[in-house]
């Protein structure tokens with residue numbers, strides 16, 4: 001696969017010219033995909049950048065920051081590799097997305113089970129209140145507490161710095 005073929009293939013997927021001088025996210029991510037595939041195919045950074053009408057440093061930057069692209073771009077990257085049978089490591093974006101979704105679902109399930117007891121206890125307390133007391137509690141206590149939690153500043157982590165070790169006694173001329 002030549003760089004021109006790759007450029008045309010990406011043009012078909014993205015429906016815009018990836019050689020345009022723009023800092024829009026979609027165009028930059030498309031350039032990252034182009035640079036990474038081009039470099040993995042064995043082309044130099046300089047040759048890849050010339051197709052984009054740019055310098056080699058841009059190609060180096062795009063190849064080194066390829067992991068920040070969105071899932072849509074990762075799927076296009078993987079699709080081009082599959083379509084042309086290229087021997088380049090893929091992102092496997094869909095598989096990773098399914099794994100992450102499964103992990104999130106498990107965490108939500110665990111959270112809901114952990115919080116069931118607490119919510120039951122809160123309900124037992126509030127069940128005896130009338131509507132006005134519940135409204136007053138929400139307005140004067142619950143919303144205020146929730147706002148305080150959201151605005152809470154996390155304490156800074158202080159790293160311990162070991163002091164210097166002295167081999168011999170130092171004479172302080174200021175105290176003499």
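The values are calculated or read from the model by the stated rules, or taken from the named source; none is laboratory data. Predicted model, so just to flag it, every value in this text is computed and none were measured. Heads up, the Cβs are rebuilt from the backbone with ideal geometry, glycines too, and the neighbour counts pull from every protein chain shown.
For residue 32, indicate whether it is in a helix (DSSP H, G or I), out of contact with any strand residue (DSSP E or B) (no Cβ under 6 Å at 6 or more places or on another chain), free of Cβ contacts under 8 Å to residues at least 12 places away in the same chain and surrounded by 15 or more Cβ atoms within 10 Å (Cβ to Cβ).
no
Which of the helices (runs of 4 or more DSSP H) found entirely inside the range 57-176 contain at least 2 residues meeting this: within 27 Å of the chain's Cα centre (by Cα) and either exposed (fewer than 12 other Cβ atoms within 10 Å of the Cβ) or modelled with pLDDT under 75 (or both)? Before you say what the answer is, go through the steps one by one.
On the way: elements: 71-84, 93-126, 131-137, 143-150.
Per the criteria, 93-126, 143-150.
So which residues in the range 38-55 are surrounded by fewer than 19 Cβ atoms within 10 Å (Cβ to Cβ) and under 26 Å from the mean Cα position of the chain (by Cα), if there are any at all?
Within the range 38-55, just 40 meets the criteria.
Considering (1) within 16 Å of residue 10 (Cα to Cα); (2) in contact (Cβ under 8 Å) with a residue 12 or more places away in the chain, say which one residue 72 fails and leave the rest.
The single condition residue 72 does not satisfy is (2).
How about the range 35-50: which of its residues are in contact (Cβ under 8 Å) with a residue 24 or more places away in the chain and part of a helix (DSSP H, G or I)? Quick ask: steps written out before the conclusion?
Taking the range 35-50 as the starting set, the residues that turn out to be in contact (Cβ under 8 Å) with a residue 24 or more places away in the chain are 35-41, 43, 47-48.
Of everything in the range 35-50, those that are in contact (Cβ under 8 Å) with a residue 24 or more places away in the chain and part of a helix (DSSP H, G or I) turn out to be 35, 36, 37, 38, 39, 40, 47, 48.
Report whether or not residue 12 is surrounded by fewer than 17 Cβ atoms within 10 Å (Cβ to Cβ) and part of a loop (DSSP other than H, G, I, E, B).
Answer is no for this residue.
Being out of contact with any helix residue (DSSP H, G or I) (no Cβ under 9 Å at 6 or more places or on another chain), free of Cβ contacts under 8 Å to residues at least 60 places away in the same chain and part of a helix (DSSP H, G or I): is that true of residue 53 here?
no
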